[in-house]
Amino acid sequence: MTTAPSLAPATDTVLKANGVTMRFGGLTAVRGVDLTVGSGEIVGLIGPNGAGKTTFFNCLTGLYVPTEGTVSYRGTRLSRKPHLVTQAGIARTFQNIRLFANMTVLENVLVGRHTRTKEGLWSALLRGPGFKKAERTSEERAMELLEFTGLAHKRDHLARNLPYGEQRKLEIARALASEPGLLLLDEPTAGMNPQETRATQDLVLAIRAQGTAVLVIEHDMRFIFNLCDRVAVLVQGQKLVEGTAEVVQADDRVIAAYLGEPVDDHTTPDDAANPAPTAEAADPGDAPSAETAPDATAPADRPAQGPTGDTP
């Protein structure tokens, strides 16, 4: 299996989350999480079910407005609107596949190009020279991404007819169509067989090689530890530890968390009286942003959520 190559420390911070907290009424789903992702890095985010991982992703991408804390991209505080987060340079996939099921593979990728298309409504209606040029450019870029993800031969197939693994690839291709500097992947190998998982690992490494930083949630520890430069562990909405694969694997608190044993050796009286509730159980839903497919459906041949996936 391919191992993530060693990288020099990143000098350019792409993402900085500072003290991110998300509450739903009396439930605290994410509590004071700090995280950075540097240019060229692949960072993993792991934790038991209900740890708050997807909720944290939703805070990063504008689907949720954090109760406390800030999120910045390349030094600029992000908008609270998902489409402006995408426009700024952050794209994501979802834990449950969200594609336009009745559109072709090519059309799905073209949807992801809209934040990079400057032509307005009247230009589209009149179909003038500027619009046609932009349309050609978008189609050329979409085809490049389909070649990159190995889906070019399926360009005219309906998304709903693709095998499960190819639907995952298509969702990644659509996210890349917005030309992000940071790609967020939410359980990209959930429900995949070992061959598909290896292919996804190689694809993520290729994405990094093209200059895009990656933040990935995953339950497959082999995938995470072979791929990531750094790994952060969330437990009960809090960041427990962060470091290299070796550091994380050797941490007794991480082992205890995955075995269901107590993980906090420094519990305060207030914490003991008010234990942190689980996260995704408090999360009203992993709803798609405006630029994703509101009418999308999960694939019919295999559940979109793996057996160990977070509850949205």
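The values are calculated or read from the model by the stated rules, or taken from the named source; none is laboratory data. None of the values given here were measured: they were computed from a predicted structure. Every residue, glycine among them, receives a Cβ derived from its backbone with ideal geometry; neighbour counts consider all protein chains shown.
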Tell me, which residue of region 226-250 that is more than 22 Å from Thr21 (Cβ to Cβ), modelled with pLDDT of 95 or more and among the hydrophobic types (A, V, I, L, M, F, W, C) is surrounded by the most Cβ atoms within 10 Å (Cβ to Cβ)?
-> Leu227
Answer residue from region 1-26, given it is at pLDDT below 95 and hydrophobic (A, V, I, L, M, F, W, C) and is farthest from Thr244 (Cα to Cα) among those = Met1
All but one of (1) over 28 Å from Ile255 (Cα atoms); (2) buried (at least 18 other Cβ atoms within 10 Å of the Cβ) hold for Leu158, so report the exception by its number.
-> (2)
Mind counting the residues in region 39-84 that are of a type in the set (D, E, K, R), closer than 27 Å to Gln201 by Cβ and assigned to a loop (DSSP other than H, G, I, E, B)?
-> 2
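I'm checking my understanding of the structure. Among residues of region 86-112 that are out of contact with any helix residue (DSSP H, G or I) (no Cβ under 8 Å at 6 or more places or on another chain) and part of a helix (DSSP H, G or I), which one is farthest from Leu63 (Cα to Cα)? Don't jump to the end; show me each part of the working.
Quick first cut of region 86-112, residues out of contact with any helix residue (DSSP H, G or I) (no Cβ under 8 Å at 6 or more places or on another chain) only: 88-89, 96, 107.
Still in the running and part of a helix (DSSP H, G or I): 88, 107.
Numbers: Ala88: 15, Glu107: 24 Å.
The residue in question is Glu107.
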Where residues in region 43-80 are among the aromatic types (Phe, Trp, Tyr) and in contact (Cβ under 8 Å) with a residue 60 or more places away in the chain, which of them is surrounded by the fewest Cβ atoms within 10 Å (Cβ to Cβ)?
-> Tyr73
Out of (1) under 16 Å from the mean Cα position of the chain (by Cα); (2) modelled with pLDDT of 95 or more, the odd one out for Pro82 is which?
-> (2)
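Residue-wise test of (1) among the hydrophobic types (A, V, I, L, M, F, W, C); (2) assigned to a helix (DSSP H, G or I).
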| position | (1), (2) |
| --- | --- |
| Arg168 | no, yes |
| Glu171 | no, yes |
| Ala175 | yes, yes |
| Val204 | yes, yes |
| Ile207 | yes, yes |
| Lys239 | no, no |
| Arg253 | no, yes |
Just a yes or no: is a residue in region 143-163 farther than 21 Å from Val14 by Cβ, outside any strand (DSSP E or B) and of a type in the set (Phe, Trp, Tyr)?
-> no
